[in-house]
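Report on the structure given below.
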Amino acid sequence: MRETQRETASGRSVAGVSEAVEVAIQRAQDYLLSIQYPEGYWWGELETNVCMAAEYLLLTHFLGAADRRRWDKIVEYLRRQQLPDGTWSIYHGGPSDLNATVEAYFALKLAGVSPDEPSMAKARQFVLSRGGVPKVRIFTKIWLALFGQWDWRGVPVLPPELMLLPSWFPINIYEFASWARATVVPMLIILTRRPVCPIPGEAHIDELYPAPREQVDYSLPKSDRLLSWKTLFLTTDKLLRLYERWGWKPFRRRAARAAEEWIVEHQEADGSWGGIQPPWVYSLIALKVLGYPLDHPVMAKGLEGFEGFAIEDEETFNPQACLSPVWDTCLAMNALLDSGLPADHPALVKAGRWMLKEQILSGGDWQVKNRKGPPGGWAFEFANDLYPDTDDAAEVMIALLRTRLPEEDEKAQALERGLRWLLSMQSKNGGWGSFDVNNTRRIMTQIPFCDFGAVIDPPSEDVTAHIVELLGQMGYDKTFRPVRRALAYLRREQEPDGCWFGRWGVNYVYGTGAVLPALEAVGEDMGQESVRRAVRWLIEHQNEDGGWGETCASYADPGLRGKGASTASQTAWALLGLLAGGQGASEAALRGIGYLLETQAEDGSWDEPEFTGTGFPRDFFINYHLYRDYFPLMALGRYCELAATTR
């Protein structure tokens with residue numbers, strides 16, 4: 001087997017590697033089938049960074065719900081994630097991150113870890129070398145302010161009256177992306193009340209300031225340009241500070257009540273808010289500030305919900321930022337189908353039935369900007385009925401379309417509902433965002449508060465490509481107006497060198513690997529120059545070992561795009577692009593297949609410590625633990641199908 005794999009990497013013909021590929025496919029299929037849950041879904045770990053655990057520890061202290069045994073587990077988890085230089089990064093192999101290091105250091109001190117420990121001293125030295133606490137992001141400063149470790153004067157003002165601005169007003173909560181909106185609303189309470197939770201003196205972090213705290217300049221960073229939206233918002237922040245000191249606020253009580261009601265109404269069945277960590281923790285903090293006791297049903301359900309999100313063993317505790325069962329399931333199904341598993345295989349039938357039950361037929365925030373669209377999408381998580389997303393819906397529908405279920409009539413109805421919803425979510429520029437239509441008001445990104453990642457949800461190339469691929473599989477081509485508009489969007493967004501940006505996966509390898517199969521699916525001419533440029537870009541960025549990789553740093557430095565250590569998932573994405581681009585028999589494709597064969601483990605899986613998923617470009621990255629398994633299987637399956645047609 002190993003000899004065959006080495007020969008593959010050196011460039012043997014398609015027919016010459018088919019047997020090795022078939023063996024690898026069988027092993028990968030067996031592995032995926034072995035980890036399917038009895039209910040029918042697949043669900044892998046969603047690994048992010050240590051801020052999730054550190055903030056959970058801080059949250060439980062603020063709420064008065066600390067558990068010493070669990071804190072000890074969090075301490076152990078943070079220690080294991082600490083780098084040799086004492087710092088923490090936000091993705092595997094990434095540089096030391098100031099915000100993560102400050103939050104982890106503070107959490108450890110609050111949990112009783114001595115600052116005299118060598119690892120803590122190293123962390124402290126790094127923080128001071130980067131300018132200390134005054135240089136961290138706004139959200140880290142808010143966490144510190146909650147415990148008296150930063151002055152509330154040093155965070156932006158965000159009054160609850162924002163809740164009363166109508167959706168047609170240029171600035172309102174529905175101009176924020178869904179994840180930012182669900183975070184901003186509780187922040188309206190927190191930033192107005194400015195609570196301070198006492199902590200022991202030994203947990204204070206004055207040593208992370210480069211100068212005495214009384215000498216700190218708490219003013220917000222100034223804009224580089226005199227005339228800009230940022231300058232306008234900074235001026236507005238100063239006016240709002242004056243307003244906060246003014247005694248008469250006629251709409252304050254009504255606005256605060258609207259924010260409170262919004263928070264309570266938006267809690268999901270599993271206790272979370274939006275199915276993700278940031279709005280969840282801030283909602284609990286806001287409700288605590290408003291006087292909600294821990295035994296209130298909303299608070300109790302919110303705290304209990306973390307139990308289903310956390311990865312816990314005898315020694316460590318790590319709350320995941322989110323859960324991905326729907327996403328993992330539809331992609332696992334598509335990989336198994338691509339690799340030749342029969343459409344009526346029991347595992348696929350069970351998964352398809354589970355998926356039908358997950359379709360969301362109720363309303364949600366997406367209806368604010370899309371009043372006519374009928375419900376019919378799917379969400380990412382087990383419970384997130386208010387926020388279905390177009391990317392999940394597209395991949396789920398591809399999987400259902402190809403799976404043969406006993407309930408074919410029910411499936412057909414689900415696909416019809418999903419199609420109507422997806423088409424109603426197409427934005428004006430022809431592309432699709434993830435959660436909202438036309439969520440493109442970029443002035444929202446200039447609000448001083450918004451330094452925590454992406455705060456709007458504009459259309460992206462990868463999401464649009466997945467929907468175009470679905471439409472192609474459903475029989476639509478370039479004559480269908482939504483497809484025509486989407487193709488025009490993708491043409492406009494192609495980079496001069498031929499690649500496409502990847503919003504939700506790292507990065508240009510992901511985007512390009514998504515767009516090329518979409519173009520093929522709707523009958524585009526795969527010999528046209530734009531496609532040839534994309535194919536050339538992929539080939540030019542292949543690594544010496546035959547694989548492809550791209551670092552998360554490519555979001556900040558365009559010179560790094562397409563560059564990084566080879567990974568199984570990114571190699572698979574590149575191969576999907578090459579296969580769609582007519583390069584299945586090329587030397588590059590054969591070397592890529594060889595890389596996947598060579599790196600497959602005996603149990604049929606692949607190892608991938610690198611983070612190849614994206615939450616917020618530049619700020620938040622994800623290692624989906626099943627990306628390493630179903631994407632390679634998908635690529636091998638499509639390659640094998642191509643080989644069969646060329647024998």
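The values are calculated or read from the model by the stated rules, or taken from the named source; none is laboratory data. None of these values were measured; they are calculated from a predicted model. Note: ideal-geometry Cβ built from the backbone for every residue, glycine included; neighbour counts use all protein chains shown.
Residues in segment 464-521 that are within 25 Å of G564 (Cβ to Cβ) and free of Cβ contacts under 8 Å to residues at least 12 places away in the same chain: P496 only. Being surrounded by 24 or more Cβ atoms within 10 Å (Cβ to Cβ) and either over 23 Å from the mean Cα position of the chain (by Cα) or modelled with pLDDT of 95 or more (or both): is that true of Y630 here? The answer is yes for Y630. Selection over segment 248-276 of residues that are over 16 Å from A300 (Cα atoms) and either modelled with pLDDT of 95 or more or not in a loop (DSSP other than H, G, I, E, B) (or both) gives a count of 12.
Residue under question is A588, and the condition is that it be free of Cβ contacts under 8 Å to residues at least 60 places away in the same chain and not aromatic (F, W, Y); does it hold? Answer is yes for this residue. The residue that is farthest from Q528 (Cα to Cα), counting only those in segment 555-570 that are under 20 Å from the mean Cα position of the chain (by Cα) and in contact (Cβ under 8 Å) with a residue 60 or more places away in the chain, is A556. Counting only helices (runs of 4 or more DSSP H) that sit completely within segment 399-498, those holding 3 or more residues that are of a type outside the set (S, T, Y) and within 20 Å of the chain's Cα centre (by Cα) correspond to 461-473. So, in segment 346-374, of the ones that are outside any helix (DSSP H, G or I) and touching a Lys or Arg at 6+ places or on another chain (Cβ under 9 Å), which residue ends up nearest to D436 (Cα to Cα)? Checking each candidate, the answer is G373. In segment 48-82, which residue that is closer than 18 Å to N623 by Cα and not in a helix (DSSP H, G or I) is farthest from the chain's Cα centre (by Cα)? Out of the qualifying residues, it is Q82.
Here is a yes/no grid of residues against (1) at pLDDT below 95; (2) buried (at least 22 other Cβ atoms within 10 Å of the Cβ); (3) touching a helix residue (DSSP H, G or I) at 6+ places or on another chain (Cβ under 7 Å):
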site: A286; (1), (2), (3): no, yes, yes
site: A300; (1), (2), (3): no, no, no
site: G308; (1), (2), (3): yes, no, no
site: F317; (1), (2), (3): no, yes, yes
site: Q320; (1), (2), (3): no, no, yes
site: L323; (1), (2), (3): no, yes, yes
site: T329; (1), (2), (3): no, yes, yes
site: M333; (1), (2), (3): no, yes, yes
site: P342; (1), (2), (3): no, no, no
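This table checks each residue for (1) under 23 Å from A107 (Cα atoms); (2) exposed (fewer than 15 other Cβ atoms within 10 Å of the Cβ).
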residue	(1), (2)
L232	no, yes
D237	no, no
A256	no, no
Y282	yes, no
I311	yes, yes
V326	no, no
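Does segment 29-68 hold any residues that are out of contact with any Pro (no Cβ under 7 Å at 6 or more places or on another chain) and small (G, A, S), and which are they? Across segment 29-68, the qualifying residues are S34, G40, G44, A54, G64, A65, A66. Exactly one residue out of L144, L191, L165 is touching a residue at least 24 places away in the same chain (Cβ under 8 Å) and closer than 30 Å to A379 by Cβ: that is L191.
Taking the stated definitions as given, is L341 at negative phi and part of a helix (DSSP H, G or I)? For L341, the condition - at negative phi and part of a helix (DSSP H, G or I) - is not met. Scanning segment 425-477 for residues that are among the small types (G, A, S) and either in contact with a strand residue (DSSP E or B) (Cβ under 6 Å, 6 or more places away or on another chain) or crowded, with 19+ Cβ neighbours inside 10 Å (or both) yields S427, G430, G431, G433, S434, G453, A454, S460, A465, G472.
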